[in-house]
1. Please identify the pairs in which a residue from the range 50-75 that is at pLDDT 90 or above has its Cβ atom under 9 Å from the Cβ atom of a residue that is among the polar types (S, T, N, Q), counting only partners at least 6 apart or on another chain.
2. Can you tell me which residues in the range 13-35 are assigned to a helix (DSSP H, G or I) and among the hydroxyl-bearing types (Ser, Thr, Tyr)?
3. Pairs needed: first member in the range 14-33, under 11 Å from CYS57 (Cα atoms); second member anywhere, assigned to a loop (DSSP other than H, G, I, E, B) and among the small types (Gly, Ala, Ser); C-beta distance under 6 Å; at least 6 residues apart or different chains.
4. It is to be established whether one or more residues within the range 55-63 are surrounded by 14 or more Cβ atoms within 10 Å (Cβ to Cβ), more than 14 Å from GLY79 (Cα to Cα) and of a type in the set (A, V, I, L, M, F, W, C).
5. Which one of the conditions (1) of a type in the set (Gly, Ala, Ser); (2) modelled with pLDDT of 85 or more; (3) surrounded by 10 or more Cβ atoms within 10 Å (Cβ to Cβ) does SER85 fail to meet, given that it meets all the rest?
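The values are calculated or read from the model by the stated rules, or taken from the named source; none is laboratory data. Because the structure is predicted, anything quoted here is derived from the model rather than measured. As a convention, Cβ positions derive from the backbone with ideal geometry for all residues, glycine included, and neighbour counts pool all protein chains shown.
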Amino acid sequence: MTKLCNQNEYEIAGQKYKRKILKPKELVALNKLQQTLDKTDDPEKRMDNIKKQAQICLEGLTDEKWDNTDASMMEIVVGACLLISKGFRQV
């Protein structure tokens, strides 16, 4: 996780994504989505929530690219982005 937190660019399923520097409104939206994710049990809704979080955190992620990505790796990268947004660089 430390390695992911120190990266600015991620390669997932052959696509490169750059981590955004989030603005306050984006941070609020990201945290609300994370709180919703913690309460959600439905796998379909969880994937949709992770997709929304990833679109906030990563530049260049579109619906078409999401359909061809590794969802579990994307979830890990979103987790790293959440840690970074909370000020963690080394875990």
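1. GLN53/GLN34; ALA54/THR69; GLN55/THR62; CYS57/SER85
2. First, pick out the residues of the range 13-35 that are assigned to a helix (DSSP H, G or I): 24-35.
None - no residue of the range 13-35 is assigned to a helix (DSSP H, G or I) and among the hydroxyl-bearing types (Ser, Thr, Tyr), so the list stays empty.
3. Partner pairs satisfying both residue conditions: TYR17/GLY60.
4. Going through the range 55-63, the residues surrounded by 14 or more Cβ atoms within 10 Å (Cβ to Cβ) turn out to be 55-58, 61.
Applying the additional criterion that residues be more than 14 Å from GLY79 (Cα to Cα) yields 61.
Those left that are additionally of a type in the set (A, V, I, L, M, F, W, C): 61.
Yes, the range 55-63 contains at least one residue that is surrounded by 14 or more Cβ atoms within 10 Å (Cβ to Cβ), more than 14 Å from GLY79 (Cα to Cα) and of a type in the set (A, V, I, L, M, F, W, C).
5. Only one criterion in (1) of a type in the set (Gly, Ala, Ser); (2) modelled with pLDDT of 85 or more; (3) surrounded by 10 or more Cβ atoms within 10 Å (Cβ to Cβ) is unmet by SER85, namely (2).
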